[in-house]
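The values are calculated or read from the model by the stated rules, or taken from the named source; none is laboratory data. Remember, predicted model here, so these are calculated numbers, not experimental data. Here the Cβ positions follow ideal geometry from the backbone for every residue, glycine too, while neighbour counts run over all protein chains shown.
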Amino acid sequence: MRYLLPLLGLCLGTVVSIAQPAIGLPSLSTSTTAISTSLDLDGEGSASMHIVKIADISISTDYSSGLTLMLTSGSLTKVDGSDILFKITTVANDESAPSSSAFDVPSGDTYTYSTQAAGSENRDVYILYTPSALQDPGSYGATINISVFDN
């Protein structure tokens with residue numbers, strides 16, 4: 001019997017900074033993937049690393065110096081359960097899933113992606129996590145805060 005993670009919340013926290021003179025505000029839109037609410041927890045006495053696409057994001061700015069996108073990583077948590085640390089990264093829209101070495105920001109730190117010019121871009125958001133061999137079954141939750149700033 002495999003355990004699935006029935007809940008992962010993706011919380012949008014848009015923060016916008018305006019440089020003088022204000023050319024235009026950056027924009028951000030997100031949509032979660034279906035798998036983001038049912039992550040595999042293994043739970044059969046063995047565990048493996050999982051790399052899962054959890055969201056699609058669209059970012060854009062009119063500002064000539066580009067924008068900076070920031071996403072928080074952390075842990076999947078359950079009351080009276082063991083946390084599952086996760087790392088986060090993004091890739092260009094519809095690219096192959098990243099390898100484990102692409103997740104170079106430690107869990108609990110902020111992942112940053114920057115552009116250098118005005119424009120728009122679509123990116124895929126992935127997490128990397130490894131549950132324990134005997135992970136507690138049940139509902140786990142997490143929040144990923146997303147911010148976008150003009151450079």
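Just to be sure I understand, how many residues within the range 123-143 are out of contact with any His (no Cβ under 9 Å at 6 or more places or on another chain) and over 17 Å from MET70 (Cβ atoms)? Break it down stepwise before answering.
Step one: list which residues in the range 123-143 are out of contact with any His (no Cβ under 9 Å at 6 or more places or on another chain), which gives 123-126, 132-143.
Narrowing the set further to residues that are over 17 Å from MET70 (Cβ atoms) leaves 132-141.
The total comes to 10.
Go through (1) modelled with pLDDT under 95; (2) part of a loop (DSSP other than H, G, I, E, B); (3) out of contact with any Phe, Trp or Tyr (no Cβ under 8 Å at 6 or more places or on another chain) for VAL16 and report which single condition fails.
(3) is the only condition that VAL16 fails.
A quick yes/no check of all residues on (1) touching a Phe, Trp or Tyr at 6+ places or on another chain (Cβ under 6 Å); (2) surrounded by 13 or more Cβ atoms within 10 Å (Cβ to Cβ); (3) among the aromatic types (Phe, Trp, Tyr); (4) within 21 Å of SER139 (Cβ to Cβ):
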| site | (1), (2), (3), (4) |
| --- | --- |
| GLY74 | no, yes, no, yes |
| PHE86 | yes, yes, yes, yes |
| SER96 | no, no, no, no |
| PHE103 | no, yes, yes, no |
| PRO106 | no, no, no, no |
| TYR113 | no, yes, yes, no |
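Can you find even one residue in the range 56-65 that is among the aromatic types (Phe, Trp, Tyr) and under 18 Å from ASP136 (Cβ atoms)? Before the answer, list the steps.
Applying the first criterion (among the aromatic types (Phe, Trp, Tyr)) to the range 56-65 yields 63.
Filter again for under 18 Å from ASP136 (Cβ atoms), leaving none.
Within the range 56-65, not a single residue is among the aromatic types (Phe, Trp, Tyr) and under 18 Å from ASP136 (Cβ atoms).
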